[in-house]
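Here's the structure, in structure tokens; my notes come after.
The values are calculated or read from the model by the stated rules, or taken from the named source; none is laboratory data. Bear in mind that the values here come from a model prediction, so they are computed numbers and not experimental data. Surface accessibility is based on the protein's heavy atoms, side chains included, excluding ligands, DNA and RNA. Shrake-Rupley method; radii C 1.70, N 1.55, O 1.52, S 1.80 Å.
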Amino acid sequence: MIIALAGKGGVGKSSISSQLILRLSKNGPVLAVDADPNTNLPDKLGIPAEITIGEIKNRAVNDSNSIPNGMSKHEYVALEVRKAMHEHDDIDLLVMGRPEGEGCYCFMNNVLKECFNGMIRNYEFTVVDNEAGMEHLSRKTLPGADIMLFVSDPTRIGIKTASRLSSVASEVGMEVGRKILIINNLPGDLPPELSDEAKANGFKDIISIKHDPFVYSAGLDGSPLRLPDDSELSKGVSLIISMITQA
């Protein structure tokens with residue numbers, strides 16, 4: 001199952017992604033993909049990420065001397081992607097990063113698509129933390145999503161933004177199964193006006209998560225996000241897992 005998260009910056013995508021990954025990994029290996037150029041997911045998980053896919057792209061496109069003699073560009077990229085996997089307990093992490101320069105990356109994207117399709121079938125769960133533009137999904141570098149979680153702050157504008165992202169996914173032909181709206185960082189219970197706004201914007205499945213002081217504390221000292229089971233985000237993630245496993 002591929003679970004992808006999308007939403008504008010600062011709504012808590014990486015925090016939710018990290019806790020989903022940690023919880024799902026208790027039942028077996030999980031492939032975690034940080035597809036946001038800001039690369040917050042490694043810090044949240046506490047897994048150092050030294051190599052990004054963007055860096056591999058740069059070398060293959062802009063420095064032909066980096067490819068060993070007798071090895072095709074395709075073979076080189078596939079090998080380097082496997083080497084870029086950061087393994088920790090039952091979590092295998094890949095960080096996409098962002099390529100730099102004006103070279104053509106079309107060939108690279110096709111190779112990456114092949115690599116990811118081969119990898120993902122080895123995992124029961126793949127969790128993809130996307131940037132708002134969902135570049136890697138829209139370009140089909142990564143496959144579509146069985147579950148798409150649209151994360152919003154607790155505002156009408158945030159919900160409308162999540163709805164627009166949902167529309168973008170449809171417009172660019174992403175293959176998306178179930179769409180779920182996560183309204184994050186609420187100061188209290190979900191107010192009826194936000195619930196109504198979500199439904200008016202086409203969301204049938206809605207999960208609300210209250211403000212979690214543990215997330216704030218971890219952010220202050222930069223430590224990996226490890227939450228007690230009774231924290232607000234942990235309870236929200238439990239609801240998410242319960243909903244997606246019923247999909």
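Points worth noting:
- Whole-Hz Karplus values for the range 182-192 come out as 10, 9, 9, 6, 5, x, x, 5, 5, x, x Hz, taken residue by residue from phi with 6.51 cos²θ - 1.76 cosθ + 1.60 and θ = phi - 60°; glycine and proline positions read x.
- Kirkwood-Stokes translational diffusion coefficient of the range 23-99, alpha-carbon pairs, 20 °C, 1.002 mPa s, µm²/s: 160
- Solvent-accessible area, 1.4 Å probe, carbon plus sulfur percent, for the chain: 47
- Of 73/113; 13/199; 26/160, pairs whose Cα-Cα distance is over 24 Å: 26/160
- Under a 5 Å amide H cut-off, with hydrogens placed 1.01 Å from N, residue 142 pairs with 137 among residues at least 5 apart or on other chains.
- Think of a 1.4 Å ball rolled over the protein heavy atoms: the chain then has 47 Å² of accessible area per residue.
- Helix 13-24 and the longest principal axis of the C-alpha atoms of the chain enclose an angle of approximately 80°.
- Gyration tensor over the Cα atoms of the range 137-247: the corresponding equivalent ellipsoid has semi-axes (square roots of 5 times the eigenvalues, largest first) of 25, 18, 14 Å.
- Principal-axis tilt of helix 106-120 within the chain, Cα atoms, nearest 10 degrees: 60
- Across 41, 79, 22, the residue with the most accessible area heads the list, and the full order at a 1.4 Å probe is 79, 22, 41.
- Taking 37 °C and 0.692 mPa s as conditions, the range 62-179 diffuses translationally at an estimated 200 µm²/s according to Stokes-Einstein applied to its Kirkwood radius (Cα pairs).
- Both radii are taken from the alpha-carbon atoms of the chain; with Rh as the Kirkwood radius, Rg/Rh is 0.98.
- Cα centroid of the range 123-182 to Cα centroid of the range 1-75, whole Å: 17
- GNM remark for the chain: springs join alpha carbons under 10 Å apart, and the peak mean-square fluctuation among 48, 29, 192 falls on 192.
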